[in-house]
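Take a look at the structure set out below.
The values are calculated or read from the model by the stated rules, or taken from the named source; none is laboratory data. As the structure is a prediction and not an experimental result, all values here were calculated from the model. Because the Cβ atoms are built from the backbone with ideal geometry, glycine has one as well, and the counts that use them run over all protein chains shown. With ligands, DNA and RNA removed, areas are computed over all heavy atoms of the protein, side chains included. Shrake-Rupley method; radii C 1.70, N 1.55, O 1.52, S 1.80 Å.
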Amino acid sequence: MDQHAPPQQMGRLAAAAVFATTLEWFDFLIYATAAALVFGHLFFPSVSPVAGTLASFATFAVGFVARPLGGIIAGHVGDRFGRKPPLVGAMLIMGLATFMIGVLPGYDAIGAWAPALLVLARLVQGIGVGAQWGGAALLLTEHAPVARRGFYGSLVQTGAIFGAVAGNMFFLLLTAVLTDEQFMAWGWRIPFLSGLVLVAIGAYVQLRIEDTPVFRELRERSSASRAEAGLRKAPLVEAVRRYWREILQAAGAFFVVNATFYILISGMLDYATTTVGMSRSTILWCVMLAGLTQVVSMPLFGALTDRMGSRKRLYLTGTVLMGLFAFPMFWLVETGSTPLVFLALLVGFTIHATMYGPQATLYTEMFPADVRYSGASLGYQFASVFAGGLAPFIMTALLAATGASWSVALYIIGCAAITFVAVATIRERFGRDLYEPSTAVGASRG
């Protein structure tokens with residue numbers, strides 16, 4: 001069964017999903033830049049610079065701790081009531097939490113309440129982004145034709161890149177036009193105040209976008225009979241009971257992808273400025289331009305998997321390459337040469353794209369229709385806690401403890417080993433019928 005959307009509708013869906021995902025990740029990731037450049041000074045001024053950076057990265061990680069909760073809530077709602085409601089809700093709460101950070105007073109104004117409220121806002125951001133990814137991924141992959149499923153799934157992933165690049169560009173512009181005093185006093189708040197735009201985008205998606213044909217089919221089956229082939233009352237429980245191996249595999253598959261992404265966009269900012277001695281604007285430009293290439297490379301790699309007939313083979317290739325490049329990446333950055341630093345980041349982002357591009361479609365095809373939102377979200381979001389959220393913190397701590405980048409390179413290699421094992425053990429179901437419920441495959445595995 002392939003009741004995919006016509007090309008014109010797919011274009012509108014892709015535009016809406018990418019734009020919404022871009023804004024969602026812009027809101028979530030500007031925190032990473034602010035954590036590296038601002039928050040240690042404003043919210044943790046009573047400790048040393050290194051401790052302040054660690055504290056700000058720790059609050060950054062708090063958002064990742066909340067992401068599984070967002071994934072759990074959205075997974076249940078998405079498998080029971082539609083892919084669209086949790087996506088809209090995620091945008092609303094993300095926009096409001098981001099705006100709250102933008103108006104939050106610093107430590108000098110309200111004391112310990114400042115970091116406490118910062119942590120609270122970051123928790124809400126984590127719930128929002130944890131709920132959002134599954135909805136956006138399924139909105140496109142469950143509408144897409146089978147022959148182009150990898151391509152359309154990769155478009156969802158570009159939202160994170162657009163968001164990261166837009167965030168860096170915003171901060172780069174602010175640092176160019178404002179003095180250091182103006183930037184630290186109020187300039188850093190401007191990107192966060194734009195969070196309210198997500199509220200308007202959420203309203204648009206709610207009013208103008210249809211739910212996926214896969215979910216509509218599930219709903220019709222449930223209305224027609226009481227058979228298990230329709231919607232489930234407890235999809236989260238069913239996903240964990242029957243598909244716990246796939247959830248663990250999805251989590252492991254995300255380890256090196258998520259860890260290296262946050263090392264590239266956040267950890268490197270701090271390392272290049274404080275250790276290597278590069279200017280803040282130079283490293284921001286390098287990260288922004290190198291990251292922007294993924295807007296092209298990820299759809300190319302997603303489309304390549306459609307032609308290859310496998311998401312898994314390309315994913316494994318990227319995992320090996322990332323492990324091999326871990327040491328050379330830091331060697332290039334440590335030269336302090338702008339062209340070589342850019343080259344290191346460019347190669348790192350390109351290797352990253354070989355995995356992140358096909359990831360949404362790989363996860364979609366791993367789970368049957370009635371538990372897909374729950375299963376994919378759990379795997380994705382639980383990994384984000386241990387891989388992405390802690391990566392800048394772990395990188396800073398390792399550098400402080402060892403004084404050398406080899407420790408971070410070994411950390412990347414360790415994450416790559418976890419990902420390789422996880423992906424190698426996945427039973428790939430390339431091009432599976434996305435309408436197929438769990439009972440159709442008799443997958444009772446405890």
### Summary
In the set 187, 195, the lone residue that is open to solvent by less than 50 Å² (accessible area, probe 1.4 Å) and touching a Leu at 6+ places or on another chain (Cβ under 6 Å) is 187
### Message
Quick check on residue 399: is it open to solvent by 60 Å² or more (accessible area, probe 1.4 Å), of a type outside the set (S, T, N, Q) and part of a helix (DSSP H, G or I)?
### Response
no
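Given the options 327, 382, 342, name the one that is assigned to a helix (DSSP H, G or I), open to solvent by 10 Å² or more (accessible area, probe 1.4 Å), touching a Cys at 6+ places or on another chain (Cβ under 8 Å) and touching a residue at least 24 places away in the same chain (Cβ under 8 Å).
342
To keep it simple, each residue is scored yes or no on (1) modelled with pLDDT of 90 or more; (2) in contact with a strand residue (DSSP E or B) (Cβ under 8 Å, 6 or more places away or on another chain); (3) of a type in the set (A, V, I, L, M).
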{"position": "217", "(1), (2), (3)": "no, no, no"}
{"position": "222", "(1), (2), (3)": "no, no, no"}
{"position": "228", "(1), (2), (3)": "no, no, no"}
{"position": "231", "(1), (2), (3)": "no, no, yes"}
{"position": "247", "(1), (2), (3)": "yes, no, yes"}
{"position": "286", "(1), (2), (3)": "yes, no, no"}
### Query
Could you say which residue among 363, 435, 373 is in contact with a helix residue (DSSP H, G or I) (Cβ under 7 Å, 6 or more places away or on another chain) and within 15 Å of residue 255 (Cβ to Cβ)?
363
### Message
Checking residue 127 against (1) farther than 24 Å from residue 396 by Cβ; (2) surrounded by fewer than 20 Cβ atoms within 10 Å (Cβ to Cβ); (3) among the aliphatic types (A, V, I, L, M): exactly one of these is not met. Which one?
### Response
(2)
### Query
For region 126-135, does any single residue satisfy the condition of being of a type in the set (A, V, I, L, M) and modelled with pLDDT of 85 or more?
yes
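Only one of 371, 408 is part of a helix (DSSP H, G or I) and at pLDDT 90 or above. Can you tell me which?
On the way: 371 fails: at pLDDT 90 or above.
Answer to the selection: 408.
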### Query
Considering region 101-118 alone, what residues qualify as being in contact (Cβ under 8 Å) with a residue 24 or more places away in the chain and of a type outside the set (D, E, K, R)?
101, 102, 103, 106, 107, 114, 115, 118
### Query
Only one of 365, 334 is of a type in the set (D, E, K, R) and open to solvent by 10 Å² or more (accessible area, probe 1.4 Å); which?
334
### Query
Looking at region 250-260, is at least one residue on the phi < 0 side of the Ramachandran plot and open to solvent by 30 Å² or more (accessible area, probe 1.4 Å)?
yes
### Query
Do the conditions hold for residue 156, that is, is it buried (at least 24 other Cβ atoms within 10 Å of the Cβ), closer than 26 Å to residue 285 by Cα and in contact with a helix residue (DSSP H, G or I) (Cβ under 9 Å, 6 or more places away or on another chain)?
yes
